[in-house]
1. Give 282, 299 a once-over and let me know the one that is within 29 Å of residue 433 (Cα to Cα) and without any contact (Cβ under 8 Å) to a residue 60 or more places away in the chain.
2. Go through (1) open to solvent by 10 Å² or more (accessible area, probe 1.4 Å); (2) at pLDDT 95 or above; (3) more than 22 Å from residue 250 (Cα to Cα); (4) of a type outside the set (Ser, Thr, Tyr) and name the single condition residue 95 misses.
3. Please go through the range 198-224 and pick out each residue that is assigned to a helix (DSSP H, G or I) and within 18 Å of the chain's Cα centre (by Cα).
4. Wholly within the range 355-472, which helices (runs of 4 or more DSSP H) include no fewer than the required count, namely at least 3 residues that are farther than 18 Å from residue 247 by Cβ?
5. Answer yes or no as to whether residue 481 is among the polar types (S, T, N, Q), surrounded by 13 or more Cβ atoms within 10 Å (Cβ to Cβ) and assigned to a loop (DSSP other than H, G, I, E, B).
6. List pairs: first in the range 52-70 and on the phi > 0 side of the Ramachandran plot and of a type outside the set (A, V, I, L, M, F, W, C), second surrounded by 17 or more Cβ atoms within 10 Å (Cβ to Cβ) and assigned to a strand (DSSP E or B), Cβ under 9 Å, 6+ apart or cross-chain?
7. Do you know which residues across the range 36-58 are outside any strand (DSSP E or B) and either open to solvent by less than 10 Å² (accessible area, probe 1.4 Å) or within 21 Å of residue 128 (Cβ to Cβ) (or both)?
8. Would a scan of the range 362-378 turn up a residue that is more than 28 Å from residue 256 (Cβ to Cβ), open to solvent by 30 Å² or more (accessible area, probe 1.4 Å) and among the small types (Gly, Ala, Ser)?
Amino acid sequence: MKKLKTLYISVLFFALLFSSCATTEEKTNPTGLKAQLRTDIITVTGGDVRGIYNKEGTVEIYAGIPFAAPPLGELRWKEPQAVIPWNGVLEADHFAPMAMQKENGRFFNFLMNLYTHSKNDRTYKGPMSEDCLYLNVWKPAKKAPQGGWPVLVYVHGGSLMSGQSWHQNYDGENLSKNGIIVVNIAYRTGIFGYFADKELALESEHGSTGNYGLLDQIKALEWVHNNIAAFDGDPSNVTIAGESAGSSSVNALCASPLTKGYFVRAIGESSSVIQKNPPHTFRTMEEALEMGENIKKEFKCSDILQLRSLPASKLIKTKYANNSMTVDGYALPETPYEIYAKGLNHEQALLNGFNKREGFGFAFFTKVNKNNIHALLEPSFKNHTDDFLQKYGSKKNKQLKKLYVDAFSAVCFTYPHDCWTKTLVSQRRPVYEYYFSRENGEIGTNHFGEVIYAYKNVPRSKNYNDRDYELEEIMSSYWLNFVKYGNPNGNDTKGNPLPEWKDSYESGGLLMELGDSCGMVEDPFGYMYEYLK
């Protein structure tokens, strides 16, 4: 049974990263209930919208608001265009389809339901469409404070190849109940979001190609800046957040000159692209253009006109993984590493961190033994590999497997956050770094495991106990305080004082452990960083 459970976790992990099951364009209701009451009409860019209240009447939900024109036809692989105005009132009472992405098989869906006990379309499946540039807003129903509600804008993960803006694990309702506006945004993924081609660069007014998904995110931030006051939000108090590829995107958004003035703080969970050579979600333009040429050959197309004529359902079947941003000269004139080195990044404060077993799902199927461990580590540890293995290696395969998983975690997730933290510390900007270590009956400390705690969506099920709900209160309160004030410290939502979370400069590089207990600790992966340098 234990092995079966481990398999479930691994399958769940891969699904969250790489794909979603989506076959129709049916409505996806944001509350799971029939709307109790409709909100007043609000005017935004494009026209009038009306949302619905949650069951208790404490939160107004506006789902499926367009922030750009549908990227269809000639607009496929173009920078996002202005919203097309609509007539009458847009009833924002259901989520819009997610971006086009590959589908899961029936076997996976069976395992997903069996393990998570979840059979709704807010977890791993739902409608999808190339017409996907919509966002969702959750706002408190009560009167806003002077200046307006603080705002959190969330960018979903999914390896830049999948995901949606309405997954129940980062649903905004419960945070919004506690005095902030939550905006979850969508963007083009995979071949539609990160395909690059010289012909497309010539078409572009700015010579840009390869970053359409990132430009969608920037367009959504522009929409928030111009419209959030209509929801009683404060456009001068916006925090951007994301997990996994969403966190890499947040890192890139902090570096983009196009986002200046759109936010003041950032939250990054389990990924960044700040290193000179990021381990994932970033590539050179040469690599991007080479893949673009290979894709045209794959579909037997000689130019973009022919490629645009293909249906989206065929294009998503490409064998090439369009899962990386690039330097396009517009959204990113240089690499994030170079931009941060010049101090041109925008976040005035940062909350970021990682989980205990980030690499477990990625390395689950990798066989590790004394004969191949050197070859597995050498691409990352290079000429330090022998020294590292001499000090930390083992003759036992089980221990070597754990070492490899930890090394994978360090290379792809924890060390990039250490670099992000140290860069901000050198700029004398406040940074709060965490280490999530709470296991539970489901995804636990694997990649994506912290999200339900931070966004106050821990399921009420037998897989969780009192400590999980205590930690949910602590973590979500830290996130709320950071969004409101730029500092996670203070009281929780019930008025109780939170454990003190020292910033990285003050603590000398300690992290806040979020787990069975909460307190400042050394980075458990820190011993690897000298070898990675």
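1. Unique residue meeting the criteria: 282.
2. Of the numbered conditions (1) open to solvent by 10 Å² or more (accessible area, probe 1.4 Å); (2) at pLDDT 95 or above; (3) more than 22 Å from residue 250 (Cα to Cα); (4) of a type outside the set (Ser, Thr, Tyr), the odd one out for residue 95 is (1).
3. Within the range 198-224, 212, 213, 214, 215, 216, 217, 218, 219, 220, 221, 224 qualify.
4. 373-381, 385-392, 397-409
5. Criteria not met by residue 481.
6. 64/28; 64/90; 64/93; 64/95; 64/134; 64/135; 64/136
7. Result: 54, single match.
8. Yes; the residues of the range 362-378 include at least one that is more than 28 Å from residue 256 (Cβ to Cβ), open to solvent by 30 Å² or more (accessible area, probe 1.4 Å) and among the small types (Gly, Ala, Ser).
The values are calculated or read from the model by the stated rules, or taken from the named source; none is laboratory data. Worth saying up front: this structure is predicted, and the values here are computed from it rather than measured. Here Cβ is always computed from backbone atoms with ideal geometry, including for glycine, and neighbour counts include all displayed protein chains. These area figures cover heavy atoms from the full protein model, side chains too; ligands, DNA and RNA do not enter into them. Shrake-Rupley method; radii C 1.70, N 1.55, O 1.52, S 1.80 Å.
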